1. How large is the translational diffusion coefficient of the chain in µm² per second when you combine the Kirkwood radius over alpha carbon pairs with Stokes-Einstein at 4 °C and 1.567 mPa s?
2. Arranged by the count of other C-beta atoms within 10 angstrom, fewest first, what order do 400, 297 take?
3. Report, in debye and to the nearest 20, how large the dipole of the chain comes out about its Cα centre when Lys and Arg carry +1 and Asp and Glu carry -1 on their Cβ.
4. Report D for the stretch 88-130 in µm² per second (integer): Stokes-Einstein, Kirkwood Rh on Cα pairs, 10 °C, 1.306 mPa s.
5. Residue 295's amide H: which non-local residues (gap 5+, or another chain) put their own amide H closer than 5 Å, with H modeled 1.01 Å from N in plane and none for Pro or chain starts?
6. Given H placed on each backbone N at 1.01 Å, which residues far from residue 85 in sequence or on other chains put an amide H within less than 5 Å of it?
7. Taking the stretch 269-350, which trypsin sites (Lys or Arg not before Pro) meet the DSSP loop condition and have no more than 13 other C-beta atoms within 10 Å?
8. Towards the positive end of the charge dipole of the stretch 216-386, with charges on Cβ (+1 Lys, Arg; -1 Asp, Glu), say which of 326, 230, 242 has the farthest Cα.
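Coordinate-derived values only; no laboratory data. Please read all numbers here as calculations on a predicted model, not as lab measurements. Cβ placement follows ideal geometry from the backbone for every residue including glycine, while neighbour counts extend to all protein chains displayed.
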Amino acid sequence: MNVIRILKRVTIDVVWMPVALLTLLVPRNRRLWAFGSSSGKKYADHSRMLFEGLHDNRIDADIRVVWSTKSDEIFHELTSRGYPVLKSNTFRGFMTTLRAGVCVYTHYANDHNRIAAFGAYKIQLWHGIPLKRFKAVSGLLEQGRAGRYYRNLHNRMLDLQKIMFPWANPTWDLLVFQSEVDRDRTGMAFDGTYRRGIVAGSVRIENLRKQFASPDCKPDEGDARKILYAPTHRALGRESLFEKVPVPDGNALHASLRRMGATMEVRLHPFQEREPVPEALDCGPVRLVDNGQCDDIYNDLHTFDILITDYSSIFIDVLPLGMPVIFLAPDYLEYSKDDQGFFSDKYSVPGPVATTWEEALYYCNDILIGAHDHWVECRRDAAKFYFDGSDESESAMKRIVDVAKRDLSIS
């Protein structure tokens, strides 16, 4: 966040200060939990999974839930499904959030109306085990004399904002980690901003295991095998992905897939969606899937046979499920130099690395025809590393709910 942006937010917070203070006088219902994600713009991630688990009474029948969104699309979609949903930027949405005893997040304060959520018990689920360092703790903002001056000014203004306007940068009552590695990495970025942190296990993996165990997951004989290509963004979408990872001629790409009896879905990072996509990645056996506001990649991850990615932490999520992973990363040296840096460990790349699409498809073909997969043990070891301390014998969702209920004295 830059200095100008902080000044704009401070101006807004000064205007809202009387309302924010008055919200502390409103009694909250500890059994009413509001869920949000991605600044109110997505119905996805850990929040969605815990929301649906509670709504369907799979975890705790005492809790009443509601989804909070700024999106008309999400509002109408959830209404049609029979889920309780509110528009956070309406009077009714504001008042419902104001009464909620618990607000659940996956990103930042804007997952909910910041003012209405001020006095609520806040659960931060976050949205993944980081593969790269958070920019705030990477040292990237402190390079050079000007960078250090800017960083010091930024931190002083942020500290002042937290004191004067505590609803703007909330203190999390419960920060949930998926594993000990997650505690080390995510906890570093949230240092000083949370009251309690627990290693609860992975809500996402719990959900994915159920999907992979479903009979619907098993393809019918003769069905095409499915490959998912899910790359991350380049410089928050400011740089071209396809200049750095050139796409081959469509005829060659499609012919390779047809020989394998495979189809491919392409899901770009939301930051990268503004870039025009080569025609080869959205025709024939290849389909480009838009990131709709109600679309969550984890809803149908169980339908794929292979994941092709690069520097996205999505590969960590599929490790416990045994899905083969291929890393298509021709710009590795440039990316690692310009970005905030990777956490260094031997499990960062538990799969073959390709520098061209031809190489990536060669590895896919080997896996699909049943050739020896040399990376099985490496993926298992990586899963143990990334999810160390995660107890699979107990539901992660139930553990989170139980801790919050104890903190709130809900019997």
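1. Result for D is 57 µm²/s.
2. Ascending Cβ contact count within 10 Å gives the list 297, 400.
3. Its charge dipole is roughly 2180 debye.
4. On the way: Rh = 10.7 Å.
Translational diffusion coefficient: 148 µm²/s.
5. Residues meeting the criterion, in which the H sits 1.01 Å from N, are 43.
6. Result for residue 85 returns 67.
7. 274, 346
8. The residue sitting farthest along the positive end of the dipole is 326.
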